[in-house]
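A.B. asks: I am attaching a structure below and will ask some questions about it afterwards.
What follows is calculated from the coordinates using simple rules that are stated; it is not laboratory data. What you see is a predicted model; the values in this text were computed from it and never measured. In this analysis, Cβ positions are derived from the backbone assuming ideal geometry, glycine residues included, and neighbour counts consider all displayed protein chains.
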Amino acid sequence: MFPSNSKDERAVGRHRQTRSGCPAAQSDKSTAMSVVKKWAEISLLVGILTCVFALQSPSSASDPNAIDVPEMDGFTVLTSAENASIAPRTVIIEYRGPIVSPMSANMREIWTRISRANRFDTLVLRLDSQGGVDTEGNRVIDTLVSVRERMTLITLVGERDLCASMCVALFIQGHRRYAKPTSAWIFHGASPRENGTPDARMTTRHFEIYRQRGIELDFIDYLRENDFLSRPGGYWISGGELAQRSNIITKLMANWQPTAPKQVAEAR
């Protein structure tokens, strides 16, 4: 389709002209070449436009389970559109970070988008948080109550993840509550932000959340009777031990974690 300046190709051209010796034949060849060139140009244009539209369209747009959620601090939202191992009607929200503003606003926005999609029946909330502000946590709980009224809510604290203080209040909102034995948990009394010394009334209000969710209070009573809720500091406990002492965790996950095929290949 492109003109050539090589001597061999010019020689071939002259040889063909000499053999044809017919002006009409040469005209037909010229017309045919023109049509082929025009068709090639059209095909190239169509290919370019196809690539442009493909780049402008989200890759997951054709997946009915894709959720359009903008980036938000600490949050990751996953469906089967991003991970084929996730059940089609399940959406996973991972949150890593402190329970401070704008967590509650972001959680509410994510939930609004999920509920509008109207195609999920299970929400898994994975938490890895050092705790935070009770007022912000209470606003997150309001959203989780809405989730619980519409679909199954599963909460999860994974291997080597931390769930401290207000994080536990979020965790117990789940219908089913999963944790790894190697997860870490911290309990302490609630305190004003300015001094860190537990306040009795604030602590009572905080653990009222546990009572409302049907949590057995034997473990909390143990913390209170040993002054772990009235002194500055934190009571650390593993997920494995917590599951034996309280129904905060309803399902303790196995210690065994299989190696992904990709990790095996990379190790060889």
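A.B. asks: With 26 Å as the cut-off, how large is the P(r) tail for the stretch 75-255, expressed as percent of Cα-Cα pairs?
C.D. replies: Considering the stretch 75-255, 28 percent of its Cα-Cα pairs are separated by more than 26 Å.
A.B. asks: Related question: Tally Lys and Arg at +1 and Asp and Glu at -1 over the other residues with C-beta under 12 Å from the C-beta of N138: what net charge comes out?
C.D. replies: Net charge around N138: -2.
A.B. asks: Continuing with this model, one more query. I need the peptides 125-135, 73-83, 108-118 ranked by packing, meaning the mean over residues of other C-beta atoms within 10 angstrom, with the highest value on top.
C.D. replies: 125-135, 73-83, 108-118
A.B. asks: Collect residues whose amide H, placed 1.01 Å from N in the peptide plane, falls under 5 Å from the amide H of C163; neighbours closer than 5 in sequence don't count.
C.D. replies: Counting only residues 5 or more places away or on other chains, the set is S129, A184, W185, I186.
A.B. asks: Hey, another quick one. Stretch S85-N255 to full length: gain in nm at 0.36 nm per residue minus the Cα-Cα span?
C.D. replies: 59.2 nm
A.B. asks: Rounded to two decimal places and with Rh computed the Kirkwood way over Cα pairs, what is Rg over Rh for the stretch 62-167?
C.D. replies: Ratio of gyration radius to Kirkwood radius: 0.95.
A.B. asks: At a Förster radius of 51 Å, what calculated FRET efficiency corresponds to the Cβ-Cβ distance of E109 and E225, to the nearest 0.05?
C.D. replies: Plugging the Cβ-Cβ distance into 1/(1 + (r/R0)^6) gives 0.75.
A.B. asks: Follow-up. Put a dot 7 Å past each Cα toward the Cβ at V133 and T197; how far apart are the dots in nm?
C.D. replies: Here the modelled spin labels are 2.3 nm apart.
A.B. asks: Using the Karplus curve 6.51 cos²θ - 1.76 cosθ + 1.60 with θ = phi - 60°, what ³J(HN,Hα) values do you get for each residue of the stretch 102-119, in whole Hz, with x for Gly and Pro?
C.D. replies: Computed from phi, the couplings for the stretch 102-119 are x, 4, 5, 5, 5, 4, 5, 5, 4, 5, 4, 5, 5, 5, 5, 4, 6, 9 Hz.
A.B. asks: Set the Förster distance to 30 Å, then compute FRET efficiency between E241 and R213 from the Cβ-Cβ distance, nearest 0.05.
C.D. replies: The value I calculate is 0.90.
A.B. asks: Note down the nm distance, to one decimal, between modelled labels 7 Å out along Cα→Cβ at V145 and at R160.
C.D. replies: Computed distance between label sites V145 and R160 equals 3.7 nm.
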